[in-house]
Amino acid sequence: MKNTLYLILIIIGCFSIKTQAQGLAIQPTRVVFEKRQIKTTIELINTGNKTKTYTVSFVQKEMDENGVFTEITTPGPNQMFSDKLLRIYPRRVTLNPGEGQIVMLQRKRNIVLNDGEYRSHLFFRAIPDKKPLSAKEDVDTESIGVKITPLFGFSIPIIVRSGEVNVTATITDLKIPDIKKPTLNFTVHRKGNVSVYGDLVVDYISDKGECYTLANMRGIAVYTTIEKRFMSLKLNNKDNLDLTKGSLKLSYIKRDDNNKNVEIFDTATMLL
């Protein structure tokens, strides 16, 4: 009888999510500890039809100028991690279908901090289902078996701000490379010792002064690892507007938890 060698490949998917993915809903999807805030909670809900177990831990990520995240182990320039400042409990959660669970984050006391922003990402990793011992698989004893076990994970930023903080954002370099497939390219610049976070809204203003919203992208961040981020927004021209006339106005807006405008970071206009 010949032995068969099994290779287990583990694929971990890390996603920044808005509401839910892979059967797990997370709320909120971004946490900011402002100055004296001590604790907060994150709600998890199993929206799938199977019982699932998740581990909760911190990972470190760096954003590049294209908005792509890379997992890292040591902080880059202008980056400080928040994981050492916080406690998590529980660190393991099992949820039945439709069941919810609160995860608590508590800030540690009596730690001297520099002014600015500390950021880590809270990572929820799904534990794969265990196959019953009685389950059998067809095995080709003449070949090497490869078993792929996907492990899905979701992460959200956890930010701690300390001392005197400041940030500004500006928008430059508005361009539409191809008017037949209208996509607006631009650059968001950040200055200060914390990240900037808000929504991007593109409005078309006709020669008659009529206004139409062509794009609305929520939750856009420029983190402290970069001072600018290159962006593209596809324009939804459902009204078949003549985008060779009039102008486009791009706004970067900070909103509160109730979706009310708090501040307009910057507005840029492009003549068509």
## Note on the structure
Of the accessible area of the range 28-134, computed with a 1.4 Å probe and all protein chains kept, carbon and sulfur make up a percent value of 48 percent
### Message
Test of understanding: what is the full-extension gain from LYS238 to LYS130, defined as 0.36 nm times their sequence separation minus their Cα-Cα distance?
### Response
34.1 nm
### Query
Measuring with a 1.4 Å probe in the full set of protein chains, what accessible area per residue, in whole Å², belongs to the range 149-197?
45 Å²
#### Entry: Potential extension, ASN216-THR94 segment - 0.36 nm per residue separation minus Cα distance
40.3 nm
### Query
In sequence order, what are the phi-derived ³J(HN,Hα) couplings for the range 193-207 according to the Karplus relation 6.51 cos²θ - 1.76 cosθ + 1.60 with θ = phi - 60°, rounded to whole Hz, with x for glycine and proline?
9, 9, 7, 10, 8, x, 10, 9, 10, 10, 10, 9, 10, 6, 4
### Solvent-accessible area of SER232 with every protein chain in place, 1.4 Å probe, in Å² to the nearest 10
70 Å²
### GLU43-ASP115 FRET efficiency (beta carbon distance; Förster radius 35 Å; 0.05 resolution)
0.65
### Query
In what sequence, highest mean first, do 159-165, 117-123 appear when ranked by Cβ atoms within 10 angstrom?
117-123, 159-165
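The values are calculated or read from the model by the stated rules, or taken from the named source; none is laboratory data. Owing to the predicted nature of the structure, the values given are computational and were not obtained by experimental measurement. Positions of Cβ are generated from backbone atoms using ideal geometry, with glycine treated the same way; all protein chains shown enter the neighbour counts. Ligands, DNA and RNA are excluded from the accessible area calculation, which covers all protein heavy atoms including side chains. Shrake-Rupley method; radii C 1.70, N 1.55, O 1.52, S 1.80 Å.
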